[in-house]
Amino acid sequence: MFIEPSIGRIKSPERKGQIEVICGSMFSGKTEELIRRLNRAKIARQKVEIFKPSIDKRYSDSEVISHNENAIRSTPVDFAGDILLLSGDCDVVGIDEVQFFDQEIVSVAQNLARQGKRVILAGLDMDFEGQPFEPMPQLMAIAEYVTKVHAICMKCGDLAAFSFRLSDAKQKVMLGEKEAYEARCRKCFFEDKR
Ligand SMILES: [Zn+2]
């Protein structure tokens, strides 16, 4: 159960900025929730811009595409600082796959919010070892709203918060997910963890 963040008045000159984080494991619906909020902001006639790290080339260069193929146009950027240059006068900034940015994303989010923008960041909160995925912890600490969404454990069917890597690869960033990962609950994740 989560409280939907207030989206604020349209084009209010005294509009306050805010930071929202949507986090969870693989297959938890983070991108779907990001897209849902952005679409609702569009209905409220707010100007929306969406960014993602250019490292995430899984599907398409110019779209945030979630696993249910609900697509929304986005701009791939190499560095978090590029978002400051490209967000212009928009009201809402959505950022997907935030875990692939470096720590600079924290000051970028603060800066955007201080300009009065609503900043919505979606990302993996834990890596395949079940450890916090930087810079998500810092973003969760400075956000007004944090929403943790859950997947379903592919072993037992309970709610899942962990991303279990099926292969033996040890690098932290490994793209191309459906074949490589399973959502797992805590018990099933640690039972099979190598
Ligand atoms: Zn389980």
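The values are calculated or read from the model by the stated rules, or taken from the named source; none is laboratory data. For clarity, every value in this text was computed on a predicted model and none was experimentally measured. Cβ sites come from the backbone with ideal geometry, for glycine too, and all protein chains shown count toward neighbours. What goes into the accessible areas is simple: the full protein's heavy atoms, side chains included, and nothing from ligands, DNA or RNA. Shrake-Rupley method; radii C 1.70, N 1.55, O 1.52, S 1.80 Å.
Does Phe100 satisfy the condition of being surrounded by fewer than 21 Cβ atoms within 10 Å (Cβ to Cβ) and under 17 Å from Ile22 (Cα atoms)? Lay out the reasoning, then the answer.
Details: surrounded by fewer than 21 Cβ atoms within 10 Å (Cβ to Cβ): yes; under 17 Å from Ile22 (Cα atoms): yes.
Against the criterion (surrounded by fewer than 21 Cβ atoms within 10 Å (Cβ to Cβ) and under 17 Å from Ile22 (Cα atoms)), Phe100 qualifies.
For Asp82, indicate whether it is over 14 Å from the mean Cα position of the chain (by Cα) and surrounded by 15 or more Cβ atoms within 10 Å (Cβ to Cβ).
Details: over 14 Å from the mean Cα position of the chain (by Cα): yes; surrounded by 15 or more Cβ atoms within 10 Å (Cβ to Cβ): yes.
For Asp82, the condition - over 14 Å from the mean Cα position of the chain (by Cα) and surrounded by 15 or more Cβ atoms within 10 Å (Cβ to Cβ) - is met.
Do we find a residue being open to solvent by 60 Å² or more (accessible area, probe 1.4 Å) and either under 20 Å from Lys52 (Cβ atoms) or acidic (Asp, Glu) (or both) anywhere in the range 148-158? Give the derivation first.
Residues of the range 148-158 open to solvent by 60 Å² or more (accessible area, probe 1.4 Å): 148, 150, 152, 154-156, 158.
Next cut, either under 20 Å from Lys52 (Cβ atoms) or acidic (Asp, Glu) (or both) only: 158.
Checking the range 148-158: at least one residue is open to solvent by 60 Å² or more (accessible area, probe 1.4 Å) and either under 20 Å from Lys52 (Cβ atoms) or acidic (Asp, Glu) (or both).
How many residues are part of a strand (DSSP E or B) and either under 25 Å from Gln46 (Cβ atoms) or touching a residue at least 40 places away in the same chain (Cβ under 8 Å) (or both) when one looks only at the range 109-148? It would help to see each step written out before you state the result.
Keep residues of the range 109-148 that are part of a strand (DSSP E or B), which gives 118-124, 126, 132, 145-148.
Next cut, either under 25 Å from Gln46 (Cβ atoms) or touching a residue at least 40 places away in the same chain (Cβ under 8 Å) (or both) only: 118-124, 126, 145-148.
Count: 12.
Table: residues versus (1) in contact with a helix residue (DSSP H, G or I) (Cβ under 7 Å, 6 or more places away or on another chain); (2) within 16 Å of the ligand (Cβ to nearest atom); (3) farther than 24 Å from Arg36 by Cα; (4) at pLDDT below 95.
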residue: Gln110; (1), (2), (3), (4): yes, no, no, no
residue: Ala141; (1), (2), (3), (4): no, no, no, no
residue: Cys153; (1), (2), (3), (4): yes, yes, no, no
residue: Gly157; (1), (2), (3), (4): no, yes, yes, no
residue: Arg165; (1), (2), (3), (4): no, yes, yes, yes
residue: Lys170; (1), (2), (3), (4): no, no, yes, yes
